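Colleague: Have a look at this one.
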Amino acid sequence: MSEINVLEMARQQLAVAAKYLDLDEGLHAVLAQAKRQLVVNFPVVMDDGTVQCFQGYRVQHNTSRGPTKGGLRYHFDVDLDETTALAMWMTWKCAVVNIPYGGAKGGVRVNTKKLSKRELEKLTRRFITEINLVVGERSDIPAPDIGTNPQVMAWIMDTVSMQAGYTVPGCVTGKPLDLGGSEGRVEATGRGVIVSTEEACKVLGLDLSSCRVAVQGFGNVGSVAAQLAEDAGAKVVAVSDATGGIYNPNGLPIRELYQRYSGIDGGVRNHKDADPISNSDLLELDCDILLPCAIQGQLTEDNADRIKAKLIVEGANGPTTPIADQILADKGKLVVPDILANAGGVVTSYFEWVQDLQNFFWEEDQVNDRLSKIMRHAFGAVHETQSRHKTDMRTAAMIIAVQRVAHATTSRGIFP
Ligand code: NAD
């Protein structure tokens, strides 16, 4: 596959929206950069007594609409450009669903498979201490992303609390329930993906309960989206993780697969009663709906014209390159963009933060109903903008988001 620079990709998407909005050049230049980028190099004493140095990042893209919010990614490919692109997408995501945050992202360049649990804990506690300069419950609130989970969030909450001298549950979201986590948070991104899928099916006149669905990535987002698609009556014909995928045209037993193989690189490929399929072949499968829920840069100029699904709902961040977007649009495919489709995670993180600040917790139905309402409302606004501007859903979502951020910036004025 061709090499993708995700930051370039994010900037191209901004440029398209800026053109539609006739955005002021100076403001465009501000929004194309991150407000703050922190790079930290820090040591961890490994189990064998040796010292290893790790590089980590926290990038805050924009604070016009509120404190910044965004996940922490532990992956060996993480770098400053990727983290900056992801922070920028978080700004648009929060704006498109209209929650009062700017975007941030962070990460550490690390292969977590090579760490023991104790090493992972030490790395996390040291990393959060290093970036404590810029994060905090009123300024920048991290959450899980690839390679991190509720346990990692619990260590972060404990570290921040130890340093503050009192418990600070609102400093991070995606925590375990008994530490101030929210009902529904673990499933929220996948749930939002399926709410978006339902709305998109209405637009296309598809009946989700008779659709064949392929899901790339069987981690937090993909495994929940696959289960909820199955609950809605759809046939999930293929799923995959980093080790490869499986295909059965008659449908896969998603709940059984979830019990046995979910999690990071859980090895769905080991399931019998299904044919092995590569991650690239999965994308090109004969199916109605494709849910890319793994990593960025999956639908590119190399494979976009072979995609058969009518509807692509982006669970992952940045799975489609701008050239692929154009090819898919020319072929009449509907792509529900990441900043809308996977916003369920940050919406429920917002609910978690509000609950933590108030020390007042909601029931799961309340969380899911409010999430669904926000997602359907945002989808409707994006679809209306798409029809009005006769453009694609990504550009429409970007128009709404950039306009909201630009408006907040100009209303506040440029300091001093
Ligand atoms: P995760 O670590 O739980 O799962 C990632 C899944 O993708 C795993 O099954 C992994 O094996 C698979 N994978 C990794 N590399 C792959 C490759 N090259 N080909 C195919 N599969 C591969 O991560 P997650 O939280 O589910 O995040 C998945 C995507 O969704 C990411 O792009 C993330 O930024 C995005 N996202 C996550 C959330 C959230 O709340 N977790 C919210 C919004 C967006």
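Colleague: Taking 25 Å as R0, compute the FRET efficiency from the Cβ-Cβ separation of A232 and T167 and round it to 0.05. Don't jump to the answer; show the numbers that get you there.
Modeller: Details: r = 39 Å, r/R0 = 1.56.
For A232 and T167, the calculated efficiency is 0.05.
Colleague: By what distance, in whole Å, do the Cα atoms of segment 189-275 stretch along each of the three principal axes, largest value first?
Modeller: 36, 26, 17
Colleague: To continue, here is another question. Show R138, R185 ordered by accessible area, largest first, where the area counts protein heavy atoms only and the probe is 1.4 Å. Please report the intermediate quantities before stating the final value.
Modeller: Numbers: R138 170, R185 30 Å².
The ordering from most to least exposed comes out as R138, R185.
Colleague: Sticking with this structure for a sec: At most 11 other Cβ atoms within 10 Å and a DSSP loop assignment: could you name the GluC sites (Glu not before Pro) in segment 304-409 that fit? It would help to have the intermediate numbers written out before the result.
Modeller: Values: sites: E314, E352, E363, E364, E384; in loops: E314, E363.
Those that pass, being in a loop and sparsely packed, are E363.
Colleague: If the elastic network links every pair of Cα atoms under 10 Å, which of M393, M88, M162 fluctuates the most in the Gaussian network model of the chain?
Modeller: Per the Cα network of the chain with a 10 Å cutoff, M162 tops the list.
Colleague: A further question on this structure: Below 20 Å, Cα to Cα, which lysines can K122 reach? Residues fewer than 8 away in the same chain don't count.
Modeller: Output for K122: K113, K114, K175.
Colleague: Something else now. With the other protein chains left in place, how much accessible area per residue, in square angstrom, belongs to the chain at a 1.4 angstrom probe? Mind dumping the intermediate values first?
Modeller: Details: 17060 Å² over 416 residues.
Per residue, the chain has an accessible area of 41 Å².
Colleague: Here's a follow-up. If we restrict to alpha carbons, what Rg and Dmax does segment 22-104 come to, in Å?
Modeller: Final numbers for Rg and Dmax: 15.7, 58 Å.
Colleague: Go through segment 147-152 residue by residue and turn each phi into a ³J(HN,Hα) via Karplus (6.51, -1.76, 1.60, θ = phi - 60°); whole Hz please, and just put x for glycine and proline.
Modeller: x, 10, 8, x, 4, 4
Colleague: Under a GNM of the chain (C-alpha, springs under 10 Å), which listed residue has the highest mean-square fluctuation: A226, A341, A378?
Modeller: Result for the chain, Cα springs under 10 Å: A378 fluctuates most.
Colleague: Right, here's the next one. Let me check against my output: what whole-number percent is the relative contact order of segment 215-288, with C-alpha pairs under 8 Å and at least 6 apart?
Modeller: 35 percent
Colleague: Between segment 23-101 and segment 325-375, what's the alpha-carbon centroid distance in Å?
Modeller: Here the two parts' Cα centres lie 20 Å apart.
Colleague: Contour minus end-to-end for K117 and T243, with contour as 0.36 nm per residue of separation and end-to-end as the Cα-Cα distance? Numbers along the way, then the final one.
Modeller: Values: separation 126, 0.36 × 126 = 45.36 nm, distance 2.17 nm.
Length difference between fully extended and current span is 43.2 nm.
Colleague: Amide H neighbours of Y247 under 5 Å, counting only residues 5+ apart in sequence or on other chains, H built in-plane at 1.01 Å?
Modeller: Result for Y247 returns D275, I277.
Colleague: List the equivalent ellipsoid semi-axes of segment 188-341 in whole Å, largest first, each obtained as the square root of 5λ for an eigenvalue λ of the Cα gyration tensor.
Modeller: On the way: eigenvalues 92, 56, 40 Å².
Equivalent-ellipsoid dimensions as semi-axes: 21, 17, 14 Å.
Colleague: Work through the residues other than G170 whose Cβ is under 15 Å from its Cβ and net out their charges, Lys, Arg +1 and Asp, Glu -1. Please report the intermediate quantities before stating the final value.
Modeller: Values: positive: K69, R138, K175, R185; negative: E137, D140, D158, E352, D356.
It works out to a net charge of -1.
Colleague: For a quick check, take a GNM of the chain with Cα springs below 10 Å and name the residue from G219, G184, G66 with the largest mean-square fluctuation.
Modeller: It is G66.
Colleague: Hey, could you pull the Cα Rg and Dmax for the chain, both in Å?
Modeller: Cα only, the chain: 20.3, 65 Å (Rg, Dmax).
The values are calculated or read from the model by the stated rules, or taken from the named source; none is laboratory data. Keep in mind the model is a prediction, meaning the values are calculated, not measured. No Cβ is skipped: glycine too gets one built from the backbone with ideal geometry, and neighbour counts run over all protein chains shown. To get the accessible areas, we keep the full protein, side chains included, count just its heavy atoms, and leave off ligands, DNA and RNA. Shrake-Rupley method; radii C 1.70, N 1.55, O 1.52, S 1.80 Å.
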